[in-house]
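Heads up: the structure comes next, in structure tokens.
What follows is calculated from the coordinates using simple rules that are stated; it is not laboratory data. Keep in mind it's a predicted model, so treat the numbers as computed, not measured. A quick note on method: Cβ atoms are made from the backbone with ideal geometry, for glycine too, and the neighbour counts reach across all protein chains shown.
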Amino acid sequence: MPEYPDLNLYIGGAWRKTGQSLPVINPATEDVIGEVPVARRQDLDDALEAAERGFRIWRATSPRVRAEVILRAAALMRERADEIAHSITLEHGKPLPQARMEVIRGCEFFEWDAGEAQRLYGRVVPSAPGIRYLVIQQPVGTVAAFSPWNFPMSQPARKIAGALAAGCSIIIKAAEETPAGALHIAKAFHDAGLPAGVLNLVFGVPAEISTYLIPQDQVRLVAFTGSTAVGIHLTEMAARTMTPVLMELGGHAPVIVCDDVDAQAAGLMSAARKARNAGQVCTSPTRFFVDQKIFAPYAAAFAERAAAVNIGNGMTPGIEMGPVANHRRIEAIDALVEDARAKGAKVLTGGARPNGPGYFYPVTVLAEVPDDARVMREEPFGPLAVINPTASLDEAIACANALPFGLAGYAFTHDAATADRLMNEIEVGNFSINTLEASVAEVPFGGVKASGQGREGGMEGMQHYLEVKTVSHRMELEHEPTVSGAKA
């Protein structure tokens, strides 16, 4: 088995340590497995200067060559997938097969965006003879990006892929809790021959780094994935310098289950997906609104499958769900469960932390939860699901849209008219029918309402890393008319 990697900052094409570090904890054992360096003010200044130099080189590099470098790096990551996945499981806890799947998913982001790098077309606007109007797209500049801990490799990959494909440089502040995924990305690009300064990787205290980087003149875009509260704060900070933002924020995904589907099959699928990544996914299905005609069999199948989820150390073969990220997640989930229980909710399975080391929490299913319970408004970001019966499709839609969040939503139905109505009326940026997959590399991903601004992925995701410039080109100098009676 490969060892957990030695952690460093990556600035200006070189690796460096600092005088201060933070421990990296294996959530399955609570052991310290590494020390992540904390960036100092000088490190951030060096990263800004390096990114500015790197941008001048990278923006002048042809799209074809940019794509070749990105594809070389992606190929290296595929070759190293087992090593990267091992690091992710150690620091995050997710089962090794899921970690490997995340690595491949991250590679797909790079591969898709490498292709898009060569399709960032402008256009020629029809005009009068002797003049040309051109619309061209140019890279926005240096990007300050902030990625979360729940997907250590694929989340930074999405931001790095878009920035580099567009011709930008980037300073990415990856999560201190799960730093190895971003480190492996930087290693792959270093080995693939990316010019120094185009990609810079820093770690540290999130508030200190964002407060320093965002107002800097070199930063031309802020890209963030995380909670709505932090996203609003960073957006306000960026607004003071008119810096555009790309925000992928929190969710509380609804699932509408109609009475024309197989209740047991839908319940089994829902429970299995709720366990994915221990529910620590911004698009994780959480609020299940089930037609009352099939509520009982659906809830029974869901609870039975949830209770059977094999929980343990992600390095152990056959494990379906690892631990949550830290003790704070356990406390947050416990508080939501106890609040719902006190207000009359039924606990169908789970609801208590098992004994022993590690931040483990079972898949927990609450049923018939009242609207005033906190879990109906607050994203649990863990293996906690709510199942409530609904008397009509109108009621289910109203419940789904009741919150300020709108990242992902799901539905189970085989009725074409119902599906058409749902895809039009559910207020989310990503809506899936008869599948609980919310995002792939080739389509845009992002939220509405309080779940964010902008899109990542697909051709739409590239637009945030580009500026649109209009060029008016007259072939001959136009002489200004002489005012009558004036001297030449």
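Remark: 61, 89, 286, 435 ranked as 435, 61, 286, 89, counting other beta-carbon atoms within 10 Å and listing the fewest first.
Cα gyration tensor of the chain, axes a ≥ b ≥ c as square roots of the eigenvalues: rounded (a/c below 1.5), prolate (a/b > b/c) or oblate? Cα axes put the chain in the oblate bin. In the chain, a dipole from Cβ-located charges (positive for Lys and Arg, negative for Asp and Glu) runs towards its positive end, and of 12, 183, 406 it is 12 whose Cα lies farthest in that direction. Extension gain, residue 326-residue 371: 0.36 nm per intervening residue step, less the Cα-Cα distance, totals 13.4 nm. The mean sequence distance of close C-alpha pairs (under 8 Å, at least 6 residues apart), as a share of the length of the range 109-153, puts its relative contact order at 24 percent. Give me the percent of DSSP beta bridges within the chain that run antiparallel, rounded to the nearest 5. About 45 percent, rounded to the nearest 5. Computed from Cα positions, the angle between helix 416-425 and the longest principal axis of the chain comes to roughly 60 degrees.
Here the translational diffusion coefficient of the range 253-433 follows from Stokes-Einstein with Rh set to the Kirkwood radius across Cα pairs; for 37 °C and 0.692 mPa s it amounts to 201 µm²/s.
Report the extension gain between residue 414 and residue 440 in nm, rounded to one decimal, defined as 0.36 nm multiplied by the number of residues separating them, less their alpha carbon distance.
Extending this stretch completely gives an extra 7.1 nm.
Each residue in 423, 77 was given a count of other beta-carbon atoms within 10 angstrom of its own, and listing them fewest first yields 423, 77. Across the range 9-90, Cα pairs under 8 Å and at least six residues apart give a relative contact order of 24 percent. Highest average first, the peptides 216-222, 287-293 ordered by how many other beta carbon atoms sit within 10 Å of their residues are 287-293, 216-222. Between residue 14 and residue 473, the FRET efficiency from the beta-carbon distance, with R0 = 51 Å, is close to 0.75. Only Lys, Arg, Asp and Glu carry charge here, each on its Cβ (+1 for the first two, -1 for the last two); on that basis the range 253-433 has a dipole of about 720 debye about its Cα centre. Any idea what angle helix 96-116 forms with the longest principal axis of the chain, computed on alpha-carbon atoms, 0 to 90 degrees, nearest 10? Relative to the chain, helix 96-116 is tipped by roughly 30 degrees.
Over the chain, dividing the summed -39,500 (n - 2.57) contributions of all DSSP H runs of at least 4 residues by the number of residues returns a 222 nm mean residue ellipticity of -11500 deg cm²/dmol. Summing charges over all other residues whose Cβ lies under 13 Å from the Cβ of residue 394, with Lys and Arg as +1 and Asp and Glu as -1, gives -2. FRET efficiency for the pair residue 42 and residue 341, taken as 1/(1 + (r/R0)^6) with r the Cβ-Cβ distance and R0 = 51 Å, rounds to 0.50.
Need one word for the range 1-122: rounded, prolate or oblate. Basis is the Cα gyration tensor (sqrt eigenvalues a ≥ b ≥ c); a/c below 1.5 gives rounded, then a/b vs b/c decides.
Oblate.
Only the Cβ atoms of Lys and Arg (+1) and of Asp and Glu (-1) were treated as charged; on that basis the dipole of the chain about its Cα centre amounts to roughly 1040 debye. The residues packed around residue 415, meaning those with a beta-carbon under 12 Å from its beta-carbon, carry a net charge of -3 if Lys and Arg are +1 and Asp and Glu are -1. Could you tell me whether the range 259-346 comes out rounded, prolate or oblate from its Cα gyration tensor? Rule is a ≥ b ≥ c as square roots of the eigenvalues, rounded for a/c under 1.5, then prolate if a/b exceeds b/c, otherwise oblate. Oblate, since a/c reaches 1.5 and b/c is not below a/b. How many angstrom lie between the Cα centre of the range 377-423 and the Cα centre of the range 167-203? Distance between centres, Cα-based: 38 Å.
Per residue, the average separation of C-alpha pairs within less than 8 Å and at least 6 apart gives the chain a relative contact order of 18 percent.
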